[in-house]
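Asks: Mind looking over this structure? Questions follow.
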């Protein structure tokens, strides 16, 4: 399971295309622009999560398996259990009653009818049926509240982890505590120390689990304070927030339907955070986590939804309350959250997923959940709308482009959708929309989409107060999408690396003991990349792509660190895309320039423009000693984000555990890149990892020996070099197709001629 967030990049051609498209759209239509090559991040697979408050979930709800089947069909990949009762329940002896714990010395001994609530094994059975990864709660505060030894609580938590392992759920998600910092001693340090004691015991049982701590009042300062104690024991932080606010804070009254219609994006109105959007909240926390040295800390709103009191809402009906939930969930996608769980699955009324008072019928928000489910695991791409109250996001997969739009107005909204970059198939896309009905339970209806060839746009009309998903198939004539990940640990050999007096090894002692004019390249182990130590000279690492990638619109990303051990130095790392003839198709350059020691350390990004000139992007600097030692400690490097605006490139620097960079090559060319050359020059060293190319590729044809997208003289040359012999790499043994004979002869030549000048791409 991976949670990834990426970097926003915009190619230079976008602005011109936006102007042209703007001139073409009809008066009165909302124009939506989708930039398919501008990738932001991989959308989490855990955003349509649910919430099982264990005393509310009677066996009869799940007896026929329909709810589990619905969850499985709609990518509901986790559900929080036992809900907020994790602050006091005893998993080994649950009472089945809200607010009641068998750990309480004053417990009356009464246990609710087991058929009226969900126990831990019933929950795990549901996870098995639905394919969910459990999100299991641990009680850590009752050892303070009820004054029994902490070790007793720690041991109970360890047994709970073992129980899940025994049921086949190793590597599950866990959360320790729930809205109980007060019960845990009243201060963050007390709660954090309790967290560490429990987490340490739990990970001793299952090192692969992912653990969140809960802090509804978390902000940058509290995050720093907590991380200083929990350190590596915590994988993420979760907090809770509902609309218009959670709980019942003083000074906050009724939220009206008219207010919601103009609130874009929705905000957290609770005391102390009034006016702050959920996007701003997570941005603040991510910055704080990077500053604290934990850039990959997960962020989750695991009790989002509606305030439980119907008195907090005016002018809403069942359907529009459901639309508020969908608006909130869409915000979790747009803001880049790692996990979200809707509060909650069952209760009477309009505010939960299933209305108990209506025979557990699903409330209208489930339609939005179903529409959004397909975006999980896709790649977020750039998009915008010309209407403030018609908004959403776009995503892509190797098979399609997806557009999600909320029409927050009470009128029809005609749209014109245009694509910048890679285009979808002109065949009519599929559009489904969540709309209101006379009884306000809502429904899903199909919408008509047409393609306007002269204006190169798709036209569709969104109904009032609707939520719509449009899926556009990719144009297969443009190839298919893929990502190339270079496994540098395996890629580096003397055969594919050229450097001055190259040494390859895993242990060499101190870098300073290397001979003059030498380069030493070594693997740092699984998932840790390479360290290249140099006294002088340069190095090249050639990585052959598994299939050719079109340069126009492709993206290049890599992790790199500058190993600084001297006061004055200039170093650079360059990644160059090469075609089959070793011609340059694009180049990405990372440069560090030192001046007068650590206090003057400068870091620069640069790119090569179409004319071949080097353009330096504005500098960033810090006062840290950015040093990677022999045991792979990347220290504190910089995190770089590139955006193309009307003014040009803008670069933002933020401290983190490693240097990340990503940018697009210049457009205007359409070479098929077949390999990457990673070059460096330095007087000390560089660290490299996660070389990645994403874009369009064409699978090689049956006689495309070098996999460059066409069968031509270059393939014939490879065959000639191996004529009447055994094949080398790349292999010219292409016949007979049913059973290759490991020998190059006339049968192979005949198949090559049958496919001569064949091409897999336009």
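Asks: Identify the residue in region 236-276 that is without any contact (Cβ under 8 Å) to a residue 60 or more places away in the chain and in a helix (DSSP H, G or I) and, among all such residues, is surrounded by the most Cβ atoms within 10 Å (Cβ to Cβ).
Replies: Filtering first and then ranking leaves 259.
Asks: Run residue 280 past the list (1) in the same structural domain as residue 80 (by TED's automatic domain parsing); (2) free of Cβ contacts under 8 Å to residues at least 12 places away in the same chain and report the number of the one that doesn't hold.
Replies: In the conditions (1) in the same structural domain as residue 80 (by TED's automatic domain parsing); (2) free of Cβ contacts under 8 Å to residues at least 12 places away in the same chain, residue 280 misses (1) alone.
Asks: Would you be able to tell me the number of residues in region 138-150 that are in contact (Cβ under 8 Å) with a residue 40 or more places away in the chain and either out of contact with any helix residue (DSSP H, G or I) (no Cβ under 8 Å at 6 or more places or on another chain) or crowded, with 21+ Cβ neighbours inside 10 Å (or both)? Lay out the reasoning, then the answer.
Replies: Going through region 138-150, the residues in contact (Cβ under 8 Å) with a residue 40 or more places away in the chain turn out to be 138-146, 148, 150.
Now narrow it down to the ones that are either out of contact with any helix residue (DSSP H, G or I) (no Cβ under 8 Å at 6 or more places or on another chain) or crowded, with 21+ Cβ neighbours inside 10 Å (or both): 138-143, 145-146.
Number satisfying all stated conditions: 8.
Asks: Exactly one of (1) more than 28 Å from residue 47 (Cα to Cα); (2) touching a residue at least 24 places away in the same chain (Cβ under 8 Å); (3) surrounded by fewer than 22 Cβ atoms within 10 Å (Cβ to Cβ) is unmet by residue 108. Its number?
Replies: (2) is the only condition that residue 108 fails.
Asks: Out of (1) at pLDDT 95 or above; (2) under 24 Å from the mean Cα position of the chain (by Cα), the odd one out for residue 306 is which?
Replies: Evaluating residue 306 over (1) at pLDDT 95 or above; (2) under 24 Å from the mean Cα position of the chain (by Cα) leaves (2) as the failure.
Asks: Scan region 166-208 residue by residue and report those that are in contact (Cβ under 8 Å) with a residue 24 or more places away in the chain, more than 25 Å from residue 145 (Cβ to Cβ) and within 25 Å of the chain's Cα centre (by Cα).
Replies: Scanning region 166-208 gives 169, 170, 171, 172, 206, 208.
Asks: Yes or no: region 224-233 includes at least one residue that is within 30 Å of residue 352 (Cβ to Cβ) and either in the same structural domain as residue 342 (by TED's automatic domain parsing) or in contact (Cβ under 8 Å) with a residue 12 or more places away in the chain (or both). Walk me through it before giving the result.
Replies: So the first thing to find is which residues in region 224-233 are within 30 Å of residue 352 (Cβ to Cβ), and the list is none.
No.
Asks: Any idea which residue in region 41-76 is surrounded by the most Cβ atoms within 10 Å (Cβ to Cβ), counting only those that are in contact with a strand residue (DSSP E or B) (Cβ under 7 Å, 6 or more places away or on another chain) and part of a loop (DSSP other than H, G, I, E, B)?
Replies: Restricting to residues being in contact with a strand residue (DSSP E or B) (Cβ under 7 Å, 6 or more places away or on another chain) and part of a loop (DSSP other than H, G, I, E, B), the top hit is 47.
Asks: Of (1) more than 21 Å from residue 466 (Cβ to Cβ); (2) in contact with a strand residue (DSSP E or B) (Cβ under 7 Å, 6 or more places away or on another chain), residue 437 satisfies all except one. Which?
Replies: Here residue 437 clears every test but (1).
Yes or no, residue by residue, for (1) over 21 Å from residue 267 (Cβ atoms); (2) buried (at least 18 other Cβ atoms within 10 Å of the Cβ); (3) modelled with pLDDT of 95 or more:
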residue	(1), (2), (3)
326	no, yes, yes
329	no, yes, yes
353	yes, yes, yes
358	yes, no, yes
368	no, yes, yes
378	yes, yes, no
402	yes, yes, yes
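The values are calculated or read from the model by the stated rules, or taken from the named source; none is laboratory data. Remember, it's a predicted structure, so these values are computed and weren't measured experimentally. Note that we place each Cβ from the backbone using ideal geometry, even for glycine, and neighbour counts take in every protein chain shown.
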